[in-house]
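Structure first, commentary second.
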Amino acid sequence: MSDRDTTTITITVLIDGTQYIRQVEGTHWRRDDERTVYVYDDDTTVLEVEAEYFVEAMREDRVETVATTTQ
């Protein structure tokens, strides 16, 4: 059983000039020494993104969205 709760982790990548968004369930994400990004569900790797494609990562339970509207 996990000590951590899983949550939605959103990863944005850039491939050939197009941004893609992938959402996976996991407990955390981190980078290794080569800057590759991994998303984990406890000790299990659920997604791996090479550094050259990585744009951003967000844990959905910790994201605050700021919006501005103009008329």
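The values are calculated or read from the model by the stated rules, or taken from the named source; none is laboratory data. Every value quoted in this text rests on a predicted model; they were computed, and no experiment measured them. Don't worry about glycine lacking a Cβ; one is built from the backbone with ideal geometry, like all the others, and counts go over all protein chains shown.
Consider Thr10 carefully, then state whether it is within 12 Å of the chain's Cα centre (by Cα), at pLDDT below 95 and among the hydroxyl-bearing types (Ser, Thr, Tyr).
yes
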Next item on the list: For segment 10-33, indicate whether the set of residues that are among the aromatic types (Phe, Trp, Tyr) and in contact with a Gly (Cβ under 7 Å, 6 or more places away or on another chain) is non-empty.
Entry: no
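In segment 47-65, is there at least one residue being among the polar types (S, T, N, Q) and modelled with pLDDT under 95? So that I can check it myself, show each step before the final result.
In the first step, residues of segment 47-65 are kept if they are among the polar types (S, T, N, Q); the result is 65.
Now narrow it down to the ones that are modelled with pLDDT under 95: 65.
There is at least one residue in segment 47-65 that is among the polar types (S, T, N, Q) and modelled with pLDDT under 95.
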